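Student: Sharing a structure, written as structure tokens. Questions coming.
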């Protein structure tokens, strides 16, 4: 399992000021300060592409907390976003919940909402590959 500080040290998390607020098997919550995301979308909210990227990141943190020895997260297979309202709060929470983790595929949902008001901004469904630790990515040697 990757520690929260390791996730926070990644370029994506650093670029957008993302912190891992909570993580446990089957659940992860990321916190994103609005002021640190300079890419704006509708009504000065966080850009929709950034929302999708944050949702994917939350799902990978959630999945990482569930992996057993000999497993690793693979690539995202499918991502579907329903944009409900602009993410404009001072802090946006991105909460991932695992629906099902199988031997080769994990499926989860992610809710993006204003941390203060609790208003839902987006609902995301994501599926990710689960690979054996020894298996290389496609095209690898």
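Student: Could you grab me the full set of residues in the stretch 35-46 that are in a loop (DSSP other than H, G, I, E, B) and either touching a helix residue (DSSP H, G or I) at 6+ places or on another chain (Cβ under 7 Å) or within 16 Å of residue 82 (Cβ to Cβ) (or both)? Don't jump to the end; show me each part of the working.
Tutor: Here is the first cut: in the stretch 35-46, the ones in a loop (DSSP other than H, G, I, E, B) are 37-39, 41, 45.
Selection gives 37, 39, 41, 45.
Student: Does at least one position in the stretch 13-29 carry a residue that is touching a strand residue (DSSP E or B) at 6+ places or on another chain (Cβ under 7 Å), over 22 Å from residue 119 (Cβ atoms) and in a loop (DSSP other than H, G, I, E, B)?
Tutor: yes
Student: Taking the residues in the stretch 105-125 that are closer than 14 Å to residue 66 by Cβ and touching a residue at least 24 places away in the same chain (Cβ under 8 Å) as candidates, determine which candidate is surrounded by the fewest Cβ atoms within 10 Å (Cβ to Cβ). Outline the logic, then answer.
Tutor: Of the stretch 105-125, the ones closer than 14 Å to residue 66 by Cβ are 105-108.
From what's left, touching a residue at least 24 places away in the same chain (Cβ under 8 Å): 105-106, 108.
Numbers: 105: 14, 106: 25, 108: 25.
This residue is 105.
Student: Quick check on my filter: what residues within the stretch 89-112 are closer than 21 Å to residue 36 by Cα and over 13 Å from the mean Cα position of the chain (by Cα)?
Tutor: Answer for the stretch 89-112, where residues must be closer than 21 Å to residue 36 by Cα and over 13 Å from the mean Cα position of the chain (by Cα): 89, 90, 91.
Student: State which residue is surrounded by the fewest Cβ atoms within 10 Å (Cβ to Cβ) when the search covers only the stretch 47-73 and only residues that are more than 23 Å from residue 5 (Cβ to Cβ) and in contact with a strand residue (DSSP E or B) (Cβ under 7 Å, 6 or more places away or on another chain). It would help to see each step written out before you state the result.
Tutor: Step one: filter the stretch 47-73 for residues more than 23 Å from residue 5 (Cβ to Cβ), giving 47-49, 51-52, 70.
Next, from what is left, pick out any that are in contact with a strand residue (DSSP E or B) (Cβ under 7 Å, 6 or more places away or on another chain): 47-48, 51-52, 70.
Values: 47: 15, 48: 17, 51: 25, 52: 20, 70: 9.
Ranking the qualifying residues of the stretch 47-73, first place goes to 70.
Matching residues to (1) touching a strand residue (DSSP E or B) at 6+ places or on another chain (Cβ under 7 Å); (2) at pLDDT 95 or above; (3) closer than 17 Å to residue 41 by Cβ:
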| residue | (1), (2), (3) |
| --- | --- |
| 83 | yes, yes, yes |
| 92 | yes, yes, yes |
| 96 | yes, yes, no |
| 99 | yes, yes, no |
| 108 | yes, yes, no |
| 115 | yes, no, no |
| 119 | yes, no, yes |
| 136 | no, no, no |
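Student: Another question about this same structure. Return yes when residue 88 is touching a helix residue (DSSP H, G or I) at 6+ places or on another chain (Cβ under 9 Å), crowded, with 18+ Cβ neighbours inside 10 Å and within 25 Å of residue 3 (Cβ to Cβ) and no when it is not. Steps first, answer last, please.
Tutor: Values: touching a helix residue (DSSP H, G or I) at 6+ places or on another chain (Cβ under 9 Å): yes; crowded, with 18+ Cβ neighbours inside 10 Å: yes; within 25 Å of residue 3 (Cβ to Cβ): no.
In short, no.
The values are calculated or read from the model by the stated rules, or taken from the named source; none is laboratory data. This one's a predicted model, so the numbers in the text were calculated from it and none came from an experiment. With ideal geometry, Cβ positions are generated from the backbone for all residues, glycine too; neighbour counts draw on all protein chains shown.
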